[in-house]
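A.B. asks: Sending over a structure as structure tokens; questions will come in a sec.
The values are calculated or read from the model by the stated rules, or taken from the named source; none is laboratory data. The structure presented is a predicted model; accordingly, all values stated were derived computationally and were not measured. Methodologically, a virtual Cβ is constructed for each residue, glycine included, from the backbone with ideal geometry; neighbour enumeration extends over all protein chains shown.
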Amino acid sequence: MKVLITGGAGFIGSHLAEHLLGRGDEVFVIDDLSTGSMENIIHLKENPLFHYTLDSIRNLQVLAELVDMCDVIFHLAAAVGVKLIVESPVNTIETNIYGTEVVLQFANKKKKKVVIASTSEVYGKSDRVPFREDDDMVLGSTKKARWSYACSKAIDEFLALAYYREKGLPVVIVRLFNTVGPRQTGRYGMVIPTLVQQALESRPITVYGDGQQTRSFTFVKDVIGCIIPLCEHPDAVGEVFNVGSDREISIKDLAYLIKEKAQSPSEIVYIPYDRAYQEGFEDMRRRVPDISKARNFVGFDPSVDIEGIIDSVIEYYKYKE
Ligand code: UDP
């Protein structure tokens with residue numbers, strides 16, 4: 001297969017590229033390095049089946065050529081990280097909506113299959129855990145920048161499904177739940193790389209709010225092992241899938257586990273949301289997926305637990321210069 005990965009120099013995209021190359025696919029990456037980095041893909045450059053273009057997907061000529069060359073597109077290019085989203089909502093909305101719009105438009109010309117990376121954030125503040133794919137979205141006010149991310153991704157989903165229904169474009173939507181692992185940066189606020197670096201550098205470990213909020217962290221390789229077979233499954237076309245671990249952990253427990261595993265003397269400090277993000281910031285209390293759909297389709301069964309995830313991230317940051 002010839003595969004195009006938008007956002008291929010990002011954390012998830014680079015792992016996906018590596019996996020596809022490993023099984024002999026030809027991989028084309030387009031990335032503007034806004035949140036991705038060359039460091040993530042430098043080890044792939046020697047492979048003759050690997051090609052990368054440093055450009056924005058908003059460069060339509062470049063995007064059109066790449067889409068034409070490939071059989072399938074994994075559309076991962078997006079604004080990521082709650083911190084970044086709260087700080088730059090214009091960029092979030094424009095990148096997420098316009099980027100997906102042009103990818104779908106070009107893919108539609110020759111009906112190339114598109115896998116759209118969406119997010120568990122679309123469930124918003126819903127307290128009906130575990131979340132099922134057909135559940136309602138419960139989002140906060142438009143005055144709160146955080147929700148622009150969920151809304152922009154929901155528009156992406158609507159648009160992809162509209163292309164499928166109206167024009168017969170093969171699309172698969174995957175909602176990723178807190179994907180984590182080596183190469184994820186803490187720069188945009190993600191909790192595991194942030195806390196691991198704090199622990200390794202003996203700085204205070206920052207827990208936001210009361211730390212009772214939960215997340216279901218999913219190892220990046222488990223995510224890759226699910227989205228590739230979903231992309232290849234003929235009946236997955238036109239469907240939405242939760243892709244995440246169904247085991248939740250509170251952020252407070254996570255902080256203690258990271259401190260213990262890193263053998264860190266750091267103290268654990270609690271920071272109110274208003275100070276961590278901005279006035280009136282809203283977080284979700286629990287986030288757990290129902291993954292029976294992906295399990296039924298492709299036997300999805302995330303194998304790396306939170307301990308394994310933390311070990312791998314500690315290992316990564318310990319040896320990173
Ligand atoms: N969080 C935290 N300390 C940090 C960064 C994040 O306690 O230094 C919390 C954050 O408020 C959220 C959870 O960890 O409740 C997960 O945050 P992240 O940004 O990784 O992902 P989200 O699930 O919010 O998209």
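Residues checked against (1) under 17 Å from I85 (Cα atoms); (2) among the hydroxyl-bearing types (S, T, Y); (3) free of Cβ contacts under 8 Å to residues at least 40 places away in the same chain:
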site	(1), (2), (3)
S118	yes, yes, no
R128	no, no, yes
L139	yes, no, yes
R146	yes, no, no
Y149	yes, yes, no
D156	yes, no, no
A162	no, no, yes
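A.B. asks: Only one of V269, V313, V237 is touching a helix residue (DSSP H, G or I) at 6+ places or on another chain (Cβ under 6 Å), among the hydrophobic types (A, V, I, L, M, F, W, C) and in contact (Cβ under 8 Å) with a residue 12 or more places away in the chain; which?
C.D. replies: V313
A.B. asks: Suppose the filter is of a type in the set (S, T, Y), in contact with a Lys or Arg (Cβ under 6 Å, 6 or more places away or on another chain) and at pLDDT 95 or above; does T214 pass it?
C.D. replies: yes
A.B. asks: Being touching a residue at least 60 places away in the same chain (Cβ under 8 Å) and either near the ligand (Cβ under 10 Å from one of its atoms) or more than 25 Å from M284 (Cα to Cα) (or both) is the filter here; which residues of segment 183-196 pass it?
C.D. replies: Answer for segment 183-196, where residues must be touching a residue at least 60 places away in the same chain (Cβ under 8 Å) and either near the ligand (Cβ under 10 Å from one of its atoms) or more than 25 Å from M284 (Cα to Cα) (or both): R183, Q184, Y188, G189, M190, V191, I192, P193, L195.
A.B. asks: Determine, yes or no, whether A199 is more than 10 Å from the ligand (Cβ to nearest atom), touching a residue at least 12 places away in the same chain (Cβ under 8 Å) and closer than 16 Å to V269 by Cβ.
C.D. replies: Yes.
A.B. asks: For segment 153-182, what are the residues that are within 23 Å of V223 (Cβ to Cβ), in a loop (DSSP other than H, G, I, E, B) and either in contact with a Gly (Cβ under 6 Å, 6 or more places away or on another chain) or away from the ligand (no atom under 16 Å from the Cβ) (or both)?
C.D. replies: Once the filter is applied, which keeps residues that are within 23 Å of V223 (Cβ to Cβ), in a loop (DSSP other than H, G, I, E, B) and either in contact with a Gly (Cβ under 6 Å, 6 or more places away or on another chain) or away from the ligand (no atom under 16 Å from the Cβ) (or both), segment 153-182 yields P170, F177.
A.B. asks: Going through segment 110-126 one residue at a time, which ones are within 15 Å of the ligand (Cβ to nearest atom) and either of a type in the set (A, V, I, L, M, F, W, C) or in a loop (DSSP other than H, G, I, E, B) (or both)?
C.D. replies: Matches in segment 110-126: A117, V122, K125, S126.
A.B. asks: Going through segment 205-227 one residue at a time, which ones are within 11 Å of the ligand (Cβ to nearest atom) and over 17 Å from Y273 (Cβ atoms)?
C.D. replies: Passing the criteria: S216, F217.
A.B. asks: Still on this structure, please answer the following. Collect the residues in segment 1-36 that are in contact with a strand residue (DSSP E or B) (Cβ under 9 Å, 6 or more places away or on another chain) and polar (S, T, N, Q), keeping them in residue-number order.
C.D. replies: T6, S14, listed by residue number.
A.B. asks: Does any residue of segment 251-262 turn out to be exposed (fewer than 15 other Cβ atoms within 10 Å of the Cβ), assigned to a helix (DSSP H, G or I) and modelled with pLDDT under 95?
C.D. replies: no
A.B. asks: Are any residues in segment 273-307 loosely packed, with under 13 Cβ neighbours inside 10 Å and either of a type in the set (V, I, T) or part of a helix (DSSP H, G or I) (or both), and if so, which ones?
C.D. replies: D274, R275, N296, E307
A.B. asks: Could you grab me the full set of residues in segment 49-99 that are closer than 30 Å to Y273 by Cβ, exposed (fewer than 15 other Cβ atoms within 10 Å of the Cβ) and of a type in the set (A, V, I, L, M)?
C.D. replies: The answer is V90, and nothing else.
A.B. asks: Condition first: surrounded by fewer than 18 Cβ atoms within 10 Å (Cβ to Cβ) and outside any loop (DSSP other than H, G, I, E, B). Now tell me which residues in segment 222-238 satisfy that.
C.D. replies: P229, E232, P234, D235
A.B. asks: Which ones in segment 80-103 are in a loop (DSSP other than H, G, I, E, B) and of a type in the set (V, I, T)?
C.D. replies: The one that is in a loop (DSSP other than H, G, I, E, B) and of a type in the set (V, I, T): V80.
A.B. asks: Kindly list the number of the only condition in (1) part of a helix (DSSP H, G or I); (2) touching a Gly at 6+ places or on another chain (Cβ under 7 Å) that fails for A77.
C.D. replies: The number of the failed condition is (1).
A.B. asks: Also, quick follow-up: If the requirement is being touching a Phe, Trp or Tyr at 6+ places or on another chain (Cβ under 7 Å), of a type outside the set (D, E, K, R) and more than 16 Å from the ligand (Cβ to nearest atom), which of these qualifies: L84, L54, L49, L63?
C.D. replies: Unique residue meeting the criteria: L63.
A.B. asks: For segment 281-305, which residues satisfy the criterion of being more than 16 Å from the ligand (Cβ to nearest atom) and under 19 Å from I192 (Cα atoms)?
C.D. replies: Within segment 281-305, P302, S303, V304, D305 meet the criteria.
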